[in-house]
Amino acid sequence: MLHKVNLPSCVPQLEEIVKFQREVLRAACEGDYQFPFIADDVNNENNIKTIFGDDRGAWFWKKLWSQPTKKDNNGNLPPKKKTTIHTGLEKLTAYYQQNSQEGIATLSAFDNDIQFADKLNDADFRFKYPDLEKNNQELIKLLMITFYEDLLAAGFIAAIHGGSKKLDRDGFIASYWSENVGFNVCSACDRERSDVIDFKIYDDADHFLPKSKYPFLSLHPYNLFPLCVYCNRSFKGDRDIIDDHNDAPLANIFHPYKRTVLEKLDLKVYRDQKGVSKIGEFTDSDGMPSRKMNSLNKVFKLNERWVDRLRIQKENIVDFVLSERANLERRRLYQFLNDNELKEMLIDKQKQTFAKFGKKPGYVVQNSYLTCVLSDTDEFEELSRYFAP
């Protein structure tokens, strides 16, 4: 989101999964399911296979049941239980049997909403899920979110998505990082990337537009985005980055893959009246706060989170200046340098910092601090003390 990043390589697989998601929803809307389902009933299973095909149907049938593993006193396993997706599908199908027009509206809303990534510049685009009846919304949400929380967690088989192996959440995150080699920060907050243990990357698979408010996008490839756990769990959560759904909603947001912040961000560091360095407002390159910037800061609270990072980056630059001074003293060149040479040194450092955006954590703030040092006399004089004899 801050940085320009590449889409994960599994986008084609996720697109096929979204198509399957629609098939499951369509069958509910049009009454293809014949409830109640009975566990281990061949006719029920064959009905599902007829709807989705043998391989996909057999897989999906198994996902409708869970088998308790604790045996009873006679050593027998308890009967299979309905899974959440089973219950959601049953309730939704029953709802559309009584409200057939809502089924038509649901499919229309689904087809509309999944186009959002192609409509970022369309001021007239509106999501249609919020226009559905409230009862319908809740039933849809139960089913669509389960696709992410249960099915993607366990993994979709190749017969669903056409890839070469099962695709799960960890696979999605690994797919993202395989397309962003050399990128070493969280793209939302610029902190260091998450830990990797035994090839597992401990990112969260975030829903850029929260699945609780946009359930049709629960598996959409342009809505799934790896975030560090700090961003996702402590700050973003299910906060909506869209500030006004009735006024060009998509035209006024950033997007992780299509509209990045650093292309527009003008982040200034300044000295307050007490001489304390502070982070300024998040403004566009024209110097004015915008809806996009305000929404970004509302959701991720970067302005507040970066206060401590500014302190750290100031310390890093002080260490850099002291190191350069020591190096020059060893070479016996120090006595010939002055403030102009220090400025040239800092200009080169800023160029190096800019070139390493996305490769080194905290460099966005460091770059803004160096801009302040090079443009503010008082800030420069404070730093130059570490360079003076």
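Of the labelled options (i) 23.6; (ii) 24.2; (iii) 21.4, which one gives Kirkwood radius over Cα pairs in Å as computed for this structure?
Checking each listed value against the structure points to (ii).
Working out 0.36 nm times the residue gap between N297 and A153, then minus their Cα-Cα distance, what length gain in nm do you get to one decimal?
Extending this stretch completely gives an extra 48.8 nm.
Which residues in the range 110-127 place their backbone N less than 13 Å from a point set 7 Å from the Cα of K258 along the Cα-to-Cβ direction?
113-127
So how far, in whole Å, is the C-alpha centre of the range 265-298 from the one of the range 154-197?
32 Å
Tally up the carbon and sulfur contribution to the accessible surface of the range 142-203 as a whole percent, 1.4 Å probe, everything protein left in place.
On the range 142-203, the fraction of accessible area on carbon and sulfur atoms equals 50 percent.
Please say if the range 136-192 is rounded, prolate or oblate, where rounded means a/c under 1.5 for a ≥ b ≥ c the square roots of the C-alpha gyration tensor eigenvalues, and otherwise the choice is prolate for a/b larger than b/c and oblate otherwise?
oblate
Tell me the net charge near R291. Cut-off is 14 Å between Cβ atoms, R291 excluded, with +1 for each Lys or Arg and -1 for each Asp or Glu.
-3
Sorted by mean Cβ packing within 10 Å, highest first, what order do the peptides 18-26, 287-295, 222-230, 72-80 take?
Per-residue mean Cβ counts within 10 Å order the peptides as 222-230, 18-26, 287-295, 72-80.
Using the heavy atoms of the protein chains and a 1.4 angstrom probe, tell me the accessible area per residue for the range 1-136 in square angstrom.
Per-residue value: 54 Å².
I'd like to compare 158-171, 358-371: which one has the highest average count of other Cβ atoms within 10 Å, and what's the full order after that?
358-371, 158-171
The values are calculated or read from the model by the stated rules, or taken from the named source; none is laboratory data. Computed from a prediction, not measured in an experiment: that's the story for all the values here. Cβ: placed from backbone, ideal geometry, glycine included. Neighbour counts: every protein chain shown. Protein only, heavy atoms only, side chains kept; ligands, DNA and RNA dropped before computing areas. Shrake-Rupley method; radii C 1.70, N 1.55, O 1.52, S 1.80 Å.
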